[in-house]
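The structure under discussion is supplied below as structure tokens; questions concerning it will follow.
Every read-out reported here was derived from the displayed coordinates using simple, explicitly stated rules and does not represent laboratory data. On a predicted model such as this, the values are computed, not experimentally measured, just so you know. For neighbour counting, all protein chains shown are included, and Cβ atoms are generated from backbone atoms with ideal geometry for every residue, glycine included.
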Amino acid sequence: MRKGILKYLTLSALAIIVAGCQSSVSEKWSMKTPDDAPARTVSLDTMNMRNPFIYLDKEELTYYMTGDGGHVWTSKNLQEWCGPYNVLKLDTTVWYGKSAQITAPEIHKFNDKYYYVATFTRDDSQKNVPNSPVRSCEILVSDSICGPFVPANDSLPLMNIEYSTQSPTFITDEYGWGYIIYSRNNYDGANAATQIIMLTKDLAEQIGDPFTMFKASQNSWSSNSTNAHGSCSPMLDGPFLFDTEGRELGILFISQKEGTTAVGVAYTEKNHGLNGPWHIEPEPLLVGGYGQPMLFNDFDGSLVMLLHKDTIMAGSKKSIPRLIEMDSQYDKLKIKSKYNI
């Protein structure tokens, strides 16, 4: 990757992330619930959803939330959510098979197209498919937020089959090229890495080799296991790019501290671009069962972090979406208060 080719993005620009997919979806589609059951309305604090992500439709003043499993929920106020709806139309003949596990998804819009990016894990029936990864990042595309989202490439995996990649998020550079930032957890043995790679204009294939932004071994506060690089957690997951109103460009991520998941932050100066060097903060933002953070501005302009919190409800483990109001006025991202819906 050429040094300096990438520029930082503002938070508002993070919702505009992909350029020029050539796929088109001509058939009409409306969101339907699984088995055509009636949609139901539930409160955010009672939902069970890992790795939630919110897309804002500013024209309709509607929030769309997706998470593990690939279903979509809608809301006008972030408190009451209606769904779940099916929006994905998967090709069951490709490498991930008929019962793929879909995790850590995101929805974005660019140039009147909608994109669904997620981690796909292959089902057992596809074990013997040649040149097939077990887990990889994939991109789906649709003309409508209601779907159907279909594969941008219906024959080849997006990522190199030698990689075990997950938790993708997208950005573009000043030239309109798309990039995927993701976690690679089998990188260099146990030393996981946050990496970035360039994509073709139709987002169907990668270009060149990945660039490593930072590794798990750079994280001083994560101490869950010991490997050849010292005492550090082999886990590095859930990257999400943001910038402050000061001079810092940041990435949120998930690792482990004292046996539980925690939200960390890495920073670099904006004038350095995504090539860094990246420096991980000496302490995490949050500790205690948190996962997959993302940032968005609500319809009133408040900066909000969305993530899940693992907890026990009615005797069973659940992952509850949580909203936290944040502050990025200075050089560092800071927790402001619990978000009041």
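Please list 3J(HN,Hα) in residue order for segment 94-107, calculated via the Karplus relation 6.51 cos²θ - 1.76 cosθ + 1.60 where θ = phi - 60°; whole Hz, with x for glycine and proline.
7, 4, 8, x, 7, 10, 5, 7, 10, 9, 6, x, 9, 10
Residue-wise, which Karplus ³J(HN,Hα) couplings in Hz belong to segment 137-153, taking 6.51 cos²θ - 1.76 cosθ + 1.60, θ = phi - 60°, and x for glycine or proline?
7, 9, 10, 10, 9, 8, 7, 9, 5, 7, x, x, 8, 10, x, 5, 10
For segment 301-341, rounded, prolate or oblate, judged on the Cα gyration tensor with a ≥ b ≥ c (square roots of eigenvalues), a/c < 1.5 rounded, else prolate if a/b > b/c?
Values: a/c = 3.93, a/b = 2.66, b/c = 1.48.
The shape class here is prolate.
What does the net charge come to around Asn153 if you take all other residues with beta carbon closer than 9 Å to its beta carbon, with K and R at +1 and D and E at -1? Before the final figure, lay out the partial values.
Values: positive: none; negative: Glu138, Asp154, Asp202, Glu205.
Cβ neighbours under 9 Å give a net charge of -4.
Can I ask one more? Using a Cα-Cα cut-off of under 13 Å, which aspartates and glutamates could be cross-linked to Lys98, ignoring same-chain neighbours fewer than 8 residues away?
Cross-link targets: Asp123, Asp124.
Using R₀ = 25 Å, calculate the FRET efficiency as 1/(1 + (r/R₀)^6) where r is the Cβ-Cβ separation of Glu258 and Ser337; round to 0.05.
Numbers: r = 25 Å, r/R0 = 1.01.
Calculated value: 0.50.
Another one. Pairs Lys58/Lys309; Lys309/Lys332; Lys270/Lys336; Lys309/Lys338; Lys58/Lys109: which are spaced more than 18 Å apart, C-alpha to C-alpha? Could you put the intermediate results ahead of the total?
Values: Lys58/Lys309 27 Å; Lys309/Lys332 23 Å; Lys270/Lys336 23 Å; Lys309/Lys338 14 Å; Lys58/Lys109 12 Å.
Going by Cα-Cα distance, Lys58/Lys309; Lys309/Lys332; Lys270/Lys336 fall outside the 18 Å limit.
Rounded, prolate or oblate: which one fits segment 246-341, using the alpha carbon gyration tensor with axes a ≥ b ≥ c (rounded when a/c is under 1.5, else prolate when a/b beats b/c, else oblate)? Could the numbers behind the result be given before it?
Working: a/c = 2.69, a/b = 1.42, b/c = 1.89.
Note, shape of segment 246-341 comes out oblate.
Report ³J(HN,Hα) in whole Hz for each residue of segment 34-42, in order, from the Karplus equation J = 6.51 cos²θ - 1.76 cosθ + 1.60 where θ = phi - 60°; Gly and Pro get x.
Going residue by residue, I get x, 6, 6, 6, x, 5, 10, 10, 10 Hz, with x marking Gly and Pro.
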